[in-house]
Amino acid sequence: MSNAVDERIAEGLMSRAPARRDALFRLTVLERRERLRFRRQAGVMVATASCLAALLGAGLFVRPDMALAISAAGLAAALSIGAYAYRPALVRLARPLRPLRRFF
Amino acid sequence: MDEDDAALLAAVCEGSDRAFNALIDRHQQAVRLFLRGLVSGLEDADDIAQETFLAVWRHGRAYKGRGSVRAWMFSIAWRKAKDAQRLGFRRRRREAAYRELASGGSPATDDAIALEQAMATLSLDQRAAVVLCLGCGFTAAEAAEALGQPVGTVKSHVSRGRARLAEALGVQS
């Protein structure tokens, strides 16, 4: 008797269940995950750029005679950070050049 | 299945998108059913379910191997549902949820309406235990692990919940 009652309760509860496979739900979770990733990456980039700008500013203040060297170092650091942040895109861009590896 | 879940979770922690997709596909129905039993409003429940899977992705390494992955996942969902209730996260009142169900009319829907009304009279803990054990097929031990409660408490909640729901269905439990 108890099993029959439990089955009926389970059936009633399951009538509110979503579909067993729901691609839309999964895509929504993935979309939220990508937004979260983007926010994190953007936060790290802004923080890094701010620190770099502060360091460069301090360097120029302390040693104005080395402005060129400090600016070059700042540009190199910015390019390195950019390359690290966008490395998947750079790898994709470099793929057509792979056949040239045999010449090196 | 739990060994598969542990392997999937380990792969998710390594950054596998395929594993994360598989984990969602495997558990989304049960997690969403559980949350729909706790929170009034299908969108609110699904929103919390999405947050749950995001938390699994972010904090997968927090699973230390004690108990099943499924119970750990549901414990996250349970905590988020309680937080949502505390914040007054009710966009629909129970009567609106009842109207939503009442738009059907088949015998199964009549049972669902009666169950929904009876569920609304249970406490949050009782609803959680009932949905896990009678709806999602959890054992009392696994439900206790997910809810962070003693097994005896869970069994008591299920027993009282079953009696109330059986009364709503017009049968003796």
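Descriptive notes on the structure:
- In the range B:40-69, residue least open to solvent (accessible area, probe 1.4 Å) [restricted to those that are out of contact with any Lys or Arg (no Cβ under 8 Å at 6 or more places or on another chain) and not in a helix (DSSP H, G or I)]: B:68
- Selected residue (criterion: farthest from residue A:17 (Cα to Cα)) from residues of the range B:1-39 that are of a type in the set (S, T, N, Q) and part of a helix (DSSP H, G or I): B:21
- If you go through the range B:31-57 and keep only what is at the interface with chain A (Cβ under 8 Å from one of its Cβ atoms) and either under 16 Å from residue B:135 (Cα atoms) or among the hydrophobic types (A, V, I, L, M, F, W, C) (or both), you end up with B:32, B:33, B:36, B:37, B:49, B:53, B:54, B:57.
- Candidate set: the range B:15-28, residues that are in contact with a helix residue (DSSP H, G or I) (Cβ under 9 Å, 6 or more places away or on another chain) and surrounded by fewer than 21 Cβ atoms within 10 Å (Cβ to Cβ); chosen: the one farthest from residue B:120 (Cα to Cα): B:16
- Within the range B:107-129, restricting attention to residues that are within 8 Å of chain A (Cβ to nearest Cβ) and at pLDDT 85 or above, the residue that is most open to solvent (accessible area, probe 1.4 Å) is B:116.
- Residue check for residue A:82: in a helix (DSSP H, G or I), within 30 Å of residue B:58 (Cβ to Cβ) and either open to solvent by 100 Å² or more (accessible area, probe 1.4 Å) or free of Cβ contacts under 8 Å to residues at least 12 places away in the same chain (or both): yes
- The conditions of being within 30 Å of residue B:49 (Cβ to Cβ), more than 14 Å from every other protein chain (Cβ to nearest Cβ) and open to solvent by less than 50 Å² (accessible area, probe 1.4 Å) are not met by residue A:17.
- Going through (1) open to solvent by less than 60 Å² (accessible area, probe 1.4 Å); (2) within 11 Å of another protein chain (Cβ to nearest Cβ); (3) farther than 30 Å from residue B:20 by Cα one by one, residue A:7 falls short only on (1).
The values are calculated or read from the model by the stated rules, or taken from the named source; none is laboratory data. Worth saying up front: this structure is predicted, and the values here are computed from it rather than measured. Cβ atoms come from the backbone with ideal geometry, glycine included; neighbour counts cover every protein chain shown. Remember, those area values only see protein heavy atoms, side chains included, never the ligands or the DNA or RNA. Shrake-Rupley method; radii C 1.70, N 1.55, O 1.52, S 1.80 Å.
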